[in-house]
Each structure stands twice: as structure tokens, then as C-alpha cells.
Amino acid sequence: MGKHIIVDPITRLEGHGKIDIILNDDGNVDRAYFQVPELRGFEQFAIGRRAEDLPQITSRICGV
Amino acid sequence: MSKPKVGFYWCASCGGCEEAVVDLNEGVLDVVEAVDIVFWPVALDFKRSDVEAMEDGEMAVCFINGAIRNSEQKEMVEILRKKSGLIVAFGSCSHMGGIPGLANLHDKESIFNRVYHTVPTIDNPDGTIPQVETSVCGTTVELPEFWDTVRTLNQVIDVDYYLPGCAPPVNLIVGAVTAILEGKLPEKGAVLAPDKALCDECDRRESKPENLCIDEFKRPYQIIIDEEECLLAQGLLCLGSATRAGCDSICVKGNMPCTGCMGPTSRVNDFGAKALSAMASVANANDEKDVKRIIGGIADPVGSFNKYSLPASYLHRKVRK
């Protein structure tokens, strides 16, 4: 197995991210993963809320 | 003399709190004149290892926004607690759980099921869900553990001060930074905002009847909302009487009821209970039946009274079966 490079966190962007790069024995990229370590679950907890509240709730998915 | 070092970090949040810092506009130049920002992932490149390499207490203050809902956020705020003289919970999510705290009406399993299996936009034929560890090419790729329960910052680490609001108003941020720089902070645990109800500073307060009686709570789409009269007097679920002032009543100025993002005053522990009690106290009820009819007419009471505060409330989360 080659080297495993982890960039954590990815910075200067809005949101959370992490990159895993796995190199092979020759030093070339074998696999690369972009991971989003953050989940809040708006898809689930927005259900059951008052319809008129959704513009306020969903605007907090991204406040930028 | 070297400038005090300051950090900003985010957990389960939307980036709106970072925007609030940017909303200082040119004022941010005065801040960077007075302090060195040494950690702020949205704006500067720092890795976790850089924070770990800091001396304990090296940062004078770290402003942390976002709720705590996974293992990585817990680990990061524990590190930041060690590296910081003061921790300020910045915004509704770290203060009370915020909008992401509404996930406490569910659990990890039901959220994963919705997000990765049943939501209409998903394309996941193998039914993959996030794994804490995945073996690949002889190494392990890791993700944080997603919790069943969203927590406030002070349920995970010791917090010195709170800047409330979703997002915190700019004048309160300036006031907090000034108080820290001048060493004029109130006692530990204080919320750095006026300790009075929003109604006290609302432009419509004169139109709030002394003995307000509500026969029926209305929803915004059911009435033409008068732009000058007290919103609660119009029957709308305006939580200003239970909510801390300091936001310049921007929602009410936009003709929308207050939903409580600033949290309670210092005399109240549970915002949702206080808000419910405030609404019950204006219900025009002579017996229990009336109370049931009027309060029962409020759609989604838990989401309405604890829109920003469920993890901090005595309810905390839905009971697990």
C-alpha cells in the first residue's frame, strides 16, 4: 500500500469537507475521496413543521 | 505587546454566523487591528494539527457557532476549549441547539433512512449509508460518528459567554469584542445582550393592549397583517414577550412575528416553556376547554415554541422507544 494523504478540514469555503487521497506504490493517485463530514437532516426534521416556517427553516441550510 | 489571539469555529451550522462577522463591514478592520485571528476555517487555511500544536490557553478567545451533533465536532470543541482562555457560544445553534436542534424530534436511524434511502432526489441503488470506518486499498477512510441527539455547546464543553441570535446582531458582536478587549465582561455564563424582553424595545409596543385576550391564534396566511399594530394583538404567534431583546426587532419590522432566536432572558431556564406560558396567559379562556381549543389551535407547538431551542429545553429530545 502507498501513502494515505488526508486534507482535513478543507478551508476557505462555506461548509465542511475532508479529502482522502490514497497513493499507490508508484506515488500516483489510486483513489481519492471527497467527504462531507457534516449532516444535519433537514430532509427529515422539516417534515411536520408549519408551511409558513419553512422559508425560515430552510434558509438555515446555508446562511451564506 | 503582542495582540490577543482569536479563533472562530463552526460545528453544525449554516455559515450565517460567519456572514454576521463579515457584516461588521469595515468594522472588521478595527477588529483585526486589535487582535490576531489565528484560526478561522472559512477564511484562513489551518488544519486540525495546527490547532493541536497550539499551547494550552494560547487563544484569548474562541467564538464557536453551530450545534454539536457528531463526534468530530465534540473533539474539535474539546481541543478549542483547552487552547482558549474564553469560549463564546456564538449564535442560536451553539447557544440553544438552533434550527439543526429540531433533529432531536428524530434519531440517527430515521434521519439516515430519509436522507439516504427515501428522499425523492436520492440516487443510491446500493443503499449505501455513511460508515465511521471504511477499509479501502489497505487503509481506512474515516467519517465522524453522527449522533442520535443534537447538543448545545455547553452540554459538551464549559462555555464562558453567549452571543445569541440567528445570526447574532452586528452591534452585539461589536459589544462583545469590545468588552473582551477592555476586560469589561460581566460574570461568567452571561448572555451578551440586553436582559429584557423584545416587546420592551418593539416599535409596536404602544399598540399592545394591557390586557391582551386572544380568542384564536392566526397563521400569517390567514389574515392581512397590519404593519403597525402589535402582531400578537392581531392573533399571530409572536414570541417577543418571551424572547430576549437586542435584535432591533428585525422580523417584526419585516411584518413577521418573532420566533425566538435570541432565546430567553436570564430569569428563564426553558425558552419553549416560557413562550408557551406567555401565549397561554393571553388566551381568552374561562375554563380548561377554552384553553385546549385556543392553545390546541397552534400548529406544531414543539417546532413553534422551540424552533431554535429544543436541545436546550427540558424536553431536549423525543423519547426513544
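Just to verify a result, which residue in segment B:117-142, among those that are among the small types (Gly, Ala, Ser) and in a loop (DSSP other than H, G, I, E, B), is nearest to the other protein chains (Cβ to nearest Cβ)?
Per the criteria, the residue is B:Gly138.
Looking at (1) in contact (Cβ under 8 Å) with a residue 12 or more places away in the chain; (2) under 12 Å from the mean Cα position of the chain (by Cα), which is the one condition that is false for A:Val7?
A:Val7 satisfies every listed condition except (2).
Check A:Glu52 against each of (1) open to solvent by 60 Å² or more (accessible area, probe 1.4 Å); (2) within 8 Å of chain B (Cβ to nearest Cβ); (3) among the acidic types (Asp, Glu) and name the one condition it does not meet.
The single condition A:Glu52 does not satisfy is (1).
Taking the residues in segment A:17-38 that are part of a loop (DSSP other than H, G, I, E, B) and open to solvent by less than 30 Å² (accessible area, probe 1.4 Å) as candidates, determine which candidate is farthest from the other protein chains (Cβ to nearest Cβ).
Here the residue is A:Gly17.
Is it true that B:Ile129 is surrounded by fewer than 20 Cβ atoms within 10 Å (Cβ to Cβ), in contact with a helix residue (DSSP H, G or I) (Cβ under 6 Å, 6 or more places away or on another chain) and more than 23 Å from A:Gly63 (Cα to Cα)?
yes
Assess whether B:Asn154 counts as being farther than 23 Å from B:Glu78 by Cβ, away from chain A (no Cβ under 12 Å), open to solvent by 30 Å² or more (accessible area, probe 1.4 Å) and not in a loop (DSSP other than H, G, I, E, B).
No: the conditions fail for B:Asn154.
Could you tell me whether any residue of segment B:302-320 is of a type in the set (A, V, I, L, M, F, W, C), within 14 Å of chain A (Cβ to nearest Cβ) and open to solvent by less than 30 Å² (accessible area, probe 1.4 Å)?
Checked against the condition, which is being of a type in the set (A, V, I, L, M, F, W, C), within 14 Å of chain A (Cβ to nearest Cβ) and open to solvent by less than 30 Å² (accessible area, probe 1.4 Å), segment B:302-320 yields at least one hit.
So in segment A:1-16, with the set limited to residues that are part of a strand (DSSP E or B) and more than 7 Å from every other protein chain (Cβ to nearest Cβ), which one is most open to solvent (accessible area, probe 1.4 Å)?
A:Ile6
If we scan segment B:222-242, do we find a residue that is outside any loop (DSSP other than H, G, I, E, B) and more than 14 Å from chain A (Cβ to nearest Cβ)?
No, every residue in segment B:222-242 fails to be outside any loop (DSSP other than H, G, I, E, B) and more than 14 Å from chain A (Cβ to nearest Cβ).
Going through segment B:94-108 one residue at a time, which ones are on the phi > 0 side of the Ramachandran plot and within 8 Å of chain A (Cβ to nearest Cβ)?
Passing the criteria: only B:Gly98.
On the basis of being touching a Lys or Arg at 6+ places or on another chain (Cβ under 7 Å), at the interface with chain B (Cβ under 7 Å from one of its Cβ atoms) and β-branched (Val, Ile, Thr), does A:Ile57 make the cut?
Yes; evaluated as a whole, the condition is true for this residue.
If you scan segment B:13-41, which residues turn out to be touching a residue at least 24 places away in the same chain (Cβ under 8 Å), more than 14 Å from chain A (Cβ to nearest Cβ) and within 23 Å of the chain's Cα centre (by Cα)?
Listed by number, the list holds a single entry, B:Leu24.
Only one of B:Lys74, B:Lys83, B:Lys47 is among the basic types (Lys, Arg), open to solvent by 60 Å² or more (accessible area, probe 1.4 Å) and more than 13 Å from the chain's Cα centre (by Cα); which?
B:Lys74 is the lone residue from the list that is among the basic types (Lys, Arg), open to solvent by 60 Å² or more (accessible area, probe 1.4 Å) and more than 13 Å from the chain's Cα centre (by Cα).
Let me confirm something: among B:Val22, B:Val32, B:Val38, which residue is out of contact with any helix residue (DSSP H, G or I) (no Cβ under 8 Å at 6 or more places or on another chain) and loosely packed, with under 15 Cβ neighbours inside 10 Å?
Going through B:Val22, B:Val32, B:Val38 in turn, the sole match is B:Val32.
The values are calculated or read from the model by the stated rules, or taken from the named source; none is laboratory data. Being a predicted model, the structure only gives us computed values, none of them experimental. Virtual Cβ from ideal backbone geometry, glycine too; neighbours counted across all protein chains shown. Please note that ligands, DNA and RNA were not included when accessible areas were found on the heavy atoms of the full protein model with its side chains. Shrake-Rupley method; radii C 1.70, N 1.55, O 1.52, S 1.80 Å.
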